[in-house]
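Chemist: Below is a structure I'd like to ask you about.
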Protein chains: 2
Amino acid sequence: MQLKKKPITGMKDILPKEMEIRDYVLSVMKDTYKKFGFVSMETPCVEHLENLNSKSGGENEKLIFKILKRGEKLKLEEAKTEADLVDGGLRYDLTVPLCRYYANHQSELPSPFKALQTGNVWRADRPQRGRYRQFMQCDIDILGETSNIAEIELILATSTFLGKVGFKKFTIRINDRRILKAMAAYSGFEEKDYDTVFIILDKMDKIGIEGVASELEKEGFDEEAVKKYLTLFANISNDIKGIEFLKEKLEGFLPDDVSGGLIHIMNSVDKAKQSSFGLVFDPTLVRGMSYYTGPIFEITMDDFGGSVGGGGRYDEMIGKFTGQNVPACGFSIGFERIVMLMLEHDFSVPKGMGKRAYLVEKKVSDEKMQEVLMKAMAERAEGMEISLNIMKKNKKFQKEQLEAEGYTEIVEIFAD
Amino acid sequence: MQLKKKPITGMKDILPKEMEIRDYVLSVMKDTYKKFGFVSMETPCVEHLENLNSKSGGENEKLIFKILKRGEKLKLEEAKTEADLVDGGLRYDLTVPLCRYYANHQSELPSPFKALQTGNVWRADRPQRGRYRQFMQCDIDILGETSNIAEIELILATSTFLGKVGFKKFTIRINDRRILKAMAAYSGFEEKDYDTVFIILDKMDKIGIEGVASELEKEGFDEEAVKKYLTLFANISNDIKGIEFLKEKLEGFLPDDVSGGLIHIMNSVDKAKQSSFGLVFDPTLVRGMSYYTGPIFEITMDDFGGSVGGGGRYDEMIGKFTGQNVPACGFSIGFERIVMLMLEHDFSVPKGMGKRAYLVEKKVSDEKMQEVLMKAMAERAEGMEISLNIMKKNKKFQKEQLEAEGYTEIVEIFAD
């Protein structure tokens with residue numbers, strides 16, 4: 001019986017060349033984050049459907065891979081709706097499981113809890129180039145810390161990691177959900193309309209300020225409000241001065257500590273950072289998820305479009321699981337995007353202690369083979385990568401394959 | 001809305017203490033296997049149900065977590081059986097996906113292909129202590145190599161890894177499926193009964209030779225055959241002499257190259273190994289899966305019962321996917337068991353460059369906080385693990401928590 005060779009729709013097999021980069025990126029990431037005091041944690045890939053459908057997942061809740069009940073629990077004939085058939089689902093992010101985990105284990109965890117999670121998540125999105133239905137997420141979160149040291153450390157850790165894997169030119173944009181709200185309130189929008197306004201604002205980099213204006217008007221918002229809103233944006237500089245400008249302008253709308261906090265974050269990151277990325281205030285930064293409550297941030301590579309990571313503060317989410325709010329702040333790296341960029345730009349993983357391949361003629365004596373094995377084992381113990389192979393008839397092709405794998409030094413061993 | 005705090009039935013949240021060991025073991029494993037020329041590869045966690053149900057998975061095929069069809073594909077009202085509702089399943093091992101992967105990508109892969117896979121698998125087993133429905137498997141496989149160098153390298157790589165994570169006293173038992181068959185044939189069992197005979201033989205270490213005798217007789221096997229069979233076992237020594245003895249005894253039943261191959265494997269491993277584990281010939285070793293075709297092996301820790309890994313040659317499995325047989329040989333490590341042993345025996349992960357925690361009084365000036373941040377960043381760059389925290393009211397408890405995390409050096413920073 002011949003079986004299906006292709007992976008299941010929308011998911012991919014990963015070839016060794018890409019895996020080498022993935023392993024390298026993950027290992028540098030874990031190593032870097034641990035230096036910042038983050039500790040690894042893990043939740044099962046399968047999560048209660050009730051938790052996944054808790055309205056914290058936004059659009060992702062429509063994309064859940066659901067798992068069929070088993071044995072006696074599955075009552076196919078009585079089942080009326082999909083919900084009667086399933087009891088679990090594959091997680092679509094690491095944040096919902098993190099909240100459940102924290103609620104479950106809070107008493108066993110240090111406070112603040114600095115969590116490092118790397119793992120696959122699944123979304124039944126329409127398959128498209130470069131986007132798959134299974135992909136890796138890498139999150140760091142600090143739970144239980146009200147002070148801005150959380151934001152500062154998250155940004156420093158993430159930027160240090162990016163620097164270590166070789167990205168030098170990137171920009172971190174920063175904003176605060178409370179600034180977004182205050183700007184909308186100041187301009188005269190009603191609170192019920194904020195989300196609609198922000199979804200349109202989020203397109204600023206694609207459609208420009210005129211595009212935003214016309215979409216806001218199309219939605220039927222008050223012309224005055226739209227004008228006031230966009231004039232405000234036109235006058236804000238992308239630095240601390242911009243924040244100070246808004247502090248004055250939004251008096252009465254913006255809580256007192258917001259601008260100071262944001263300035264402290266920007267100043268501290270600027271002073272302590274060890275790579276030379278840009279850090280800018282961007283009042284148009286929205287971030288999709290409505291669960292954010294404070295500072296939000298996003299990373300973009302200067303030479304390539306699109307975000308490669310982002311995060312923010314979500315102080316009210318864990319309370320949904322525990323009934324008691326816990327301050328929380330996280331930063332998620334776009335692992336798949338970073339790996340794709342490295343693959344496309346022929347990034348090569350730093351060389352180790354050297355690679356050597358042995359090609360041993362098939363008819364060598366057992367004794368001679370054992371000598372080669374002993375030599376290979378000694379060289380491996382010294383840190384070298386040694387590939388031991390039986391020589392093939394088509395030796396030329398075999399050598400080409402080994403060279404493609406990075407074995408530039410090839411030693412041939414013949415029978416006596 | 002309060003949500004479910006516990007993980008889904010049979011799966012577990014992993015706490016930082018265990019994760020530290022898991023991360024360490026995985027990192028040493030990958031590092032070691034790469035020195036042997038293995039390259040990482042990955043398949044999706046979700047696999048075609050047809051492939052999972054291809055009869056290569058044995059009993060595991062009954063334990064598949066199945067995934068509900070989505071959108072228009074799900075026709076709940078027309079569905080008559082479970083099979084109408086599902087199209088994918090979570091993989092229960094890494095071997096079936098490896099075969100599909102190889103069939104799909106053979107032309108892009110080197111030959112032989114030395115594959116390293118680590119990843120979760122899922123089995124809807126009855127939950128029990130220490131066994132979970134999601135667990136990590138770590139496999140190395142060599143595809144496309146007929147010679148015994150495959151077995152030798154697999155055993156050397158695995159034993160080197162175990163030595164590196166600190167296991168010194170273990171035993172690798174080795175046998176060959178063809179010896180098992182020849183012994184059964186020599187004794188007079190019929191080929192159709194082999195599997196039944198082997199299942200009983202497999203219990204030798206639990207019920208002893210008398211137990212095996214009585215179970216074989218209970219099955220109604222010929223008394224003469226049972227006697228001949230067990231007399232044979234009683235006379236075999238656990239070393240190369242045992243293999244030589246069988247070579248003579250089983251003449252006409254055992255293919256010529258089998259004993260020589262096994263002796264070559266044992267001699268070579270013994271000569272080249274770099275840790276002092278035991279290597280013994282064990283004619284009672286069966287290994288569960290019927291897909292094995294040649295040498296088989298299993299590791300046990302001398303001080304703790306039970307297997308911590310095993311594998312063997314399965315030359316006929318890939319042919320089921322491609323229609324063309326490819327020689328294949330693999331070794332799988334019992335990752336969860338190894339981690340559990342290390343946890344139970346208070347194994348501590350080797351210390352890095354040092355750990356230091358800063359406790360900073362909340363009311364320090366922004367400038368002073370920035371100084372601390374700069375210091376922390378410099379120390380991290382030097383390789384230290386630095387945890388930066390705001391001092392709490394209950395400083396004593398906070399320090400105890402940090403010490404439990406391994407931060408024995410705690411520096412307090414007060415406002416000027």
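Chemist: Would you point out which residue out of B:G57, B:G10 is more than 28 Å from B:L156 (Cβ to Cβ) and under 17 Å from the mean Cα position of the chain (by Cα)?
Modeler: B:G57
Chemist: Does B:T32 satisfy the condition of being in contact (Cβ under 8 Å) with a residue 60 or more places away in the chain, in contact with a Ser or Thr (Cβ under 7 Å, 6 or more places away or on another chain) and not charged (D, E, K, R)?
Modeler: Here the answer is yes, as B:T32 does meet what is asked.
Chemist: Being in contact with a strand residue (DSSP E or B) (Cβ under 9 Å, 6 or more places away or on another chain) and modelled with pLDDT under 95 is true for just one of A:E405, A:E344. Which residue is that?
Modeler: One residue alone meets the criteria, A:E405.
Chemist: Quick one: A:K241 ticks every box in (1) among the basic types (K, R); (2) touching a Ser or Thr at 6+ places or on another chain (Cβ under 7 Å); (3) more than 18 Å from A:F161 (Cα to Cα) bar one, so which box is it?
Modeler: Every listed condition holds for A:K241 apart from (2).
Chemist: Right, something else. Looking only at region A:129-136, decide whether some residue is surrounded by fewer than 19 Cβ atoms within 10 Å (Cβ to Cβ), more than 17 Å from the chain's Cα centre (by Cα) and not in a strand (DSSP E or B).
Modeler: The answer is yes; a qualifying residue exists.
Chemist: Name, by its number, the condition in (1) open to solvent by less than 30 Å² (accessible area, probe 1.4 Å); (2) within 10 Å of chain B (Cβ to nearest Cβ) that does not hold for A:M374.
Modeler: (1) is the only condition that A:M374 fails.
Chemist: Provide a single number: the residues in region A:353-371 that are more than 8 Å from every other protein chain (Cβ to nearest Cβ) and either open to solvent by 40 Å² or more (accessible area, probe 1.4 Å) or closer than 27 Å to A:E20 by Cα (or both).
Modeler: 12
Chemist: Can you work out which of the residues in region A:31-42 that are farther than 22 Å from A:C99 by Cβ and open to solvent by 10 Å² or more (accessible area, probe 1.4 Å) is nearest to the other protein chains (Cβ to nearest Cβ)?
Modeler: This residue is A:K35.
Chemist: Regarding region B:171-194, can at least one residue be identified that is assigned to a strand (DSSP E or B), over 26 Å from B:F113 (Cα atoms) and at pLDDT 95 or above?
Modeler: Yes, region B:171-194 contains at least one residue that is assigned to a strand (DSSP E or B), over 26 Å from B:F113 (Cα atoms) and at pLDDT 95 or above.
Chemist: Moving on. Which number in (1) within 17 Å of A:F38 (Cβ to Cβ); (2) outside any helix (DSSP H, G or I); (3) open to solvent by 10 Å² or more (accessible area, probe 1.4 Å) marks the one condition that B:I410 misses?
Modeler: (1)
Chemist: Would you check which residues across region A:17-29 are open to solvent by 20 Å² or more (accessible area, probe 1.4 Å) and free of Cβ contacts under 8 Å to residues at least 12 places away in the same chain and list them?
Modeler: Scanning region A:17-29 gives a single hit, A:S27.
Chemist: Which of the following residues is out of contact with any Ser or Thr (no Cβ under 6 Å at 6 or more places or on another chain) and surrounded by fewer than 17 Cβ atoms within 10 Å (Cβ to Cβ): A:F221, A:F198, A:F233, A:F189?
Modeler: It is A:F233.
Chemist: For region B:195-230, which positions are part of a helix (DSSP H, G or I), among the charged types (D, E, K, R) and more than 21 Å from B:F297 (Cβ to Cβ)?
Modeler: Passing the criteria: B:E210, B:E215, B:E217, B:K218, B:E223, B:E224, B:K227, B:K228.
Chemist: Tell me whether region B:13-24 contains one or more residues that are over 20 Å from the mean Cα position of the chain (by Cα), farther than 28 Å from B:P350 by Cα and more than 8 Å from chain A (Cβ to nearest Cβ).
Modeler: No, there is no match, as no residue in region B:13-24 is over 20 Å from the mean Cα position of the chain (by Cα), farther than 28 Å from B:P350 by Cα and more than 8 Å from chain A (Cβ to nearest Cβ).
Chemist: Can you tell me which condition B:S107 does not meet? The list is (1) without any contact (Cβ under 8 Å) to a residue 24 or more places away in the chain; (2) within 24 Å of B:N60 (Cβ to Cβ), and all the others hold.
Modeler: The single condition B:S107 does not satisfy is (2).
Chemist: Among the residues of region A:43-60 satisfying the criterion of being open to solvent by 30 Å² or more (accessible area, probe 1.4 Å) and among the charged types (D, E, K, R), which is nearest to the other protein chains (Cβ to nearest Cβ)?
Modeler: Residue satisfying both the conditions and the ranking: A:E50.
Chemist: Residue under question is A:S387, and the condition is that it be at pLDDT below 95 and polar (S, T, N, Q); does it hold?
Modeler: So A:S387 does not fit the description; no.
Chemist: Out of region A:149-178, which residues are closer than 20 Å to A:F347 by Cα and out of contact with any Phe, Trp or Tyr (no Cβ under 9 Å at 6 or more places or on another chain)?
Modeler: Across region A:149-178, the qualifying residue is only A:K164.
Chemist: Is it the case that some residue within region B:361-374 is assigned to a helix (DSSP H, G or I) and under 30 Å from B:L143 (Cβ atoms)?
Modeler: no
Chemist: Kindly evaluate B:I67 against the criterion of being crowded, with 18+ Cβ neighbours inside 10 Å and more than 7 Å from chain A (Cβ to nearest Cβ).
Modeler: Answer is no for this residue.
Chemist: Here is a follow-up. Based on what the data block shows, is A:F167 under 30 Å from A:D13 (Cα atoms) and part of a loop (DSSP other than H, G, I, E, B)?
Modeler: yes
Chemist: Just need a number here: residues in region A:1-11 that are out of contact with any strand residue (DSSP E or B) (no Cβ under 6 Å at 6 or more places or on another chain), facing chain B (nearest Cβ under 8 Å) and surrounded by fewer than 18 Cβ atoms within 10 Å (Cβ to Cβ).
Modeler: 3
Chemist: So which residues in region A:240-282 are of a type in the set (D, E), exposed (fewer than 15 other Cβ atoms within 10 Å of the Cβ) and part of a loop (DSSP other than H, G, I, E, B)?
Modeler: Within region A:240-282, just A:E251 meets the criteria.
Chemist: Run B:E77 past the list (1) under 22 Å from B:T146 (Cα atoms); (2) more than 9 Å from chain A (Cβ to nearest Cβ) and report the number of the one that doesn't hold.
Modeler: (1)
Chemist: Any chance you could count how many residues in region B:80-91 are farther than 16 Å from A:K80 by Cα and more than 7 Å from chain A (Cβ to nearest Cβ)?
Modeler: 5
Chemist: Any residue that is free of Cβ contacts under 8 Å to residues at least 12 places away in the same chain and small (G, A, S) - is there at least one of those in region A:213-236?
Modeler: Checking region A:213-236: at least one residue is free of Cβ contacts under 8 Å to residues at least 12 places away in the same chain and small (G, A, S).
Chemist: Among the residues of region A:93-117 satisfying the criterion of being more than 9 Å from chain B (Cβ to nearest Cβ) and open to solvent by 30 Å² or more (accessible area, probe 1.4 Å), which is farthest from A:E336 (Cα to Cα)?
Modeler: A:S107
Chemist: Got a number for residues in region A:377-396 being within 9 Å of chain B (Cβ to nearest Cβ), part of a helix (DSSP H, G or I) and out of contact with any Gly (no Cβ under 9 Å at 6 or more places or on another chain)?
Modeler: 4
Chemist: Based on what the data block shows, is B:Q324 of a type outside the set (G, A, S), out of contact with any Cys (no Cβ under 7 Å at 6 or more places or on another chain), surrounded by 16 or more Cβ atoms within 10 Å (Cβ to Cβ) and within 13 Å of chain A (Cβ to nearest Cβ)?
Modeler: no
Chemist: What number of residues within region B:286-312 are closer than 14 Å to B:R173 by Cβ, open to solvent by 40 Å² or more (accessible area, probe 1.4 Å) and among the hydrophobic types (A, V, I, L, M, F, W, C)?
Modeler: Residues flagged as closer than 14 Å to B:R173 by Cβ, open to solvent by 40 Å² or more (accessible area, probe 1.4 Å) and among the hydrophobic types (A, V, I, L, M, F, W, C) within region B:286-312 amount to 0.
Chemist: Is it the case, given these coordinates, that A:V212 is over 19 Å from A:R173 (Cβ atoms) and open to solvent by less than 30 Å² (accessible area, probe 1.4 Å)?
Modeler: Criteria not met by A:V212.
The values are calculated or read from the model by the stated rules, or taken from the named source; none is laboratory data. Here the structure is a predicted model, which means the values were calculated and not measured. Cβ: placed from backbone, ideal geometry, glycine included. Neighbour counts: every protein chain shown. Surface areas here come from the heavy atoms of the whole protein model, side chains and all, with no ligands, DNA or RNA. Shrake-Rupley method; radii C 1.70, N 1.55, O 1.52, S 1.80 Å.
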